[in-house]
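Data first, discussion second: the structure below is written as structure tokens.
The values are calculated or read from the model by the stated rules, or taken from the named source; none is laboratory data. Computed from a predicted model, the values in this text were never measured in an experiment. Glycine also receives a Cβ, built like all others from the backbone with ideal geometry; neighbour counts cover every protein chain displayed.
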Amino acid sequence: MPGAMSKDLLKKLPAIDKWLASLGGQDLCAEFSHVEVAEVMRAHLTELRRALTNGGAELPEFESPEYCMLLRADLLKGRISSFRRTINATGIIIHTNLGRAPLADEAIAAIENTASGYSNLELDLDTGKRGSRYRHVESLLTRLTGAEATVVVNNCAAAVLLALNTVAKDGEAIISRGELVEIGGSFRIPDVIAQSGARMIEVGTTNKTHLEDYAAALSENTRVLLAIHPSNFRVVGFTAKPKLAALAELAHDNETLLMEDLGSGSLVDLSVSGLSSEPTVQRSLAAGVDLLTFSGDKLLGGPQAGIILGRAGLIDSIKRNPLLRALRIDKLSLAALAATLRLYVPPNDPYERVPVLRMISEDQASVGRRASKLLRLLKKIPGLTGVVKDDISYSGGGSLPMDEIPTKVVEIRAERLTATELAKRLRASETPVIGRIADDVLHLDLRTVLARELSDLAAALEQAVT
Ligand SMILES: *Cc1c(COP(=O)(O)O)cnc(C)c1O
């Protein structure tokens, strides 16, 4: 209960209107909007009321220049964008919460070039007539993958929804119980099938599904056999599933289709860089998949996008589906996607030019050199100590879940802060830094930190301890 004293003080708190009309209030209103100033004043009053009720505060001089400075500082904080460039020191390369794939320089330049003026997005320069936005990536995608045709949409979830809605609405989609996947962020394959208007026919078991299980479920209502790449998990041990080519043959013998959602969809064979073999887009198409979907911002290393590849007739039907307009890709993503795809065309080496592939394949010693550089910068910051250690990075983004990529981390200890407090302050710095805490120590994995980010990273650390 507030004592008699603080009750009197509570009565002395200014009314917002009067405070706004004061000289200081008017000054602030010249620089910020009325609404913003009133909001900050209200927040200060609420805080004061709470403190006074608990009996532990004095009244400030509301109209003093010093107090106005305090309000102004809060107003400026409110103006900083909540959406900021962030340093990813988690070692998880395709980190969904941190925006997945950082783009290649060429893709960034393409976005800038497209955004800064008009473009021939839907204009055919040869004829001067209306053209299709999809043609800007068509020949790149078909040449790189061997697919007959392609169309791209907003993301892979949209690609699955659109493809299924086009080929299986009001019909049946047969899927293995081992592939009823949840991708994360509430994207569940059974829900997407339901939204597409197709009826899901589950076959097999969690660990084993045989070709005969699919065959037994075929009916005159079957529109598609649906294979889903279990991106973010593996079932190991007593398991079985038919080869993609066998599924394709079964589908075609029964005048139906095989569709595969690859999700992570790589255009390069990562097993050559020592990682387990994630299925490639080309391999799936060669096995006879009729429609294939994958993400633009996972292993491909491009912008958010959903890529649909497949037979020309099917892609034509998809292009005529009115849903396409609702799910379409915007011009900036399209520009970045085209630029990213060009980095896969020889003689370009995607491992050199696409950041996601560069990070996945960078060897430990090379990551270690950035770790040592950070350590040297750390030595100049009093109150912090660091040590370089071996650790493990992950590809993330629902790809290669079993692959442990050897990396180098800097373990950081602050004299006066717990690891949790240090991590919190790093998140609050001008360029937020995200690391990971293990055994009560903050770990910064340099695999996902670019060389040009090291000075900002050191600045954030210095800010955190001062
Ligand atoms: C990630 C993933 C998706 C969703 O992709 P978005 O581009 O995030 O929409 C769909 N299917 C699979 C198998 C995935 O791994």
Unique residue being closer than 28 Å to residue 96 by Cβ, surrounded by fewer than 15 Cβ atoms within 10 Å (Cβ to Cβ) and in contact (Cβ under 8 Å) with a residue 12 or more places away in the chain when the list is 166, 206: 206
Within segment 59-86, tally of residues that are over 23 Å from residue 17 (Cβ atoms) and either in contact with an Asp or Glu (Cβ under 6 Å, 6 or more places away or on another chain) or surrounded by 13 or more Cβ atoms within 10 Å (Cβ to Cβ) (or both): 1
Complete set of residues in segment 142-158 that are within 16 Å of the ligand (Cβ to nearest atom) and touching a Leu at 6+ places or on another chain (Cβ under 8 Å): 150, 151, 152, 153, 154, 158
Top-ranked residue in segment 179-198 [being surrounded by fewer than 16 Cβ atoms within 10 Å (Cβ to Cβ) and closer than 14 Å to residue 164 by Cβ; ranked as farthest from the ligand (Cβ to nearest atom)]: 197
Qualifying residue in segment 175-189 (condition: under 26 Å from residue 330 (Cα atoms) and in contact with an Asp or Glu (Cβ under 8 Å, 6 or more places away or on another chain)): yes
Segment 212-249, residues that are in contact (Cβ under 8 Å) with a residue 24 or more places away in the chain, away from the ligand (no atom under 16 Å from the Cβ), within 36 Å of the chain's Cα centre (by Cα) and farther than 14 Å from residue 175 by Cβ: 237, 238, 239, 240, 243, 245, 246, 248, 249
Test: residue in segment 352-364 that is within 13 Å of the ligand (Cβ to nearest atom) and polar (S, T, N, Q): no
Search result, residues across segment 437-466 that are in a strand (DSSP E or B) and under 14 Å from residue 388 (Cβ atoms): 441, 442, 443, 444, 445
Some residue of segment 272-288 being in contact with a Phe, Trp or Tyr (Cβ under 7 Å, 6 or more places away or on another chain) and either modelled with pLDDT of 95 or more or away from the ligand (no atom under 11 Å from the Cβ) (or both): yes
Residue check for residue 139: surrounded by fewer than 17 Cβ atoms within 10 Å (Cβ to Cβ), closer than 30 Å to residue 448 by Cβ and away from the ligand (no atom under 15 Å from the Cβ): no
Test: residue in segment 380-400 that is exposed (fewer than 14 other Cβ atoms within 10 Å of the Cβ), under 25 Å from the mean Cα position of the chain (by Cα) and not in a strand (DSSP E or B): no
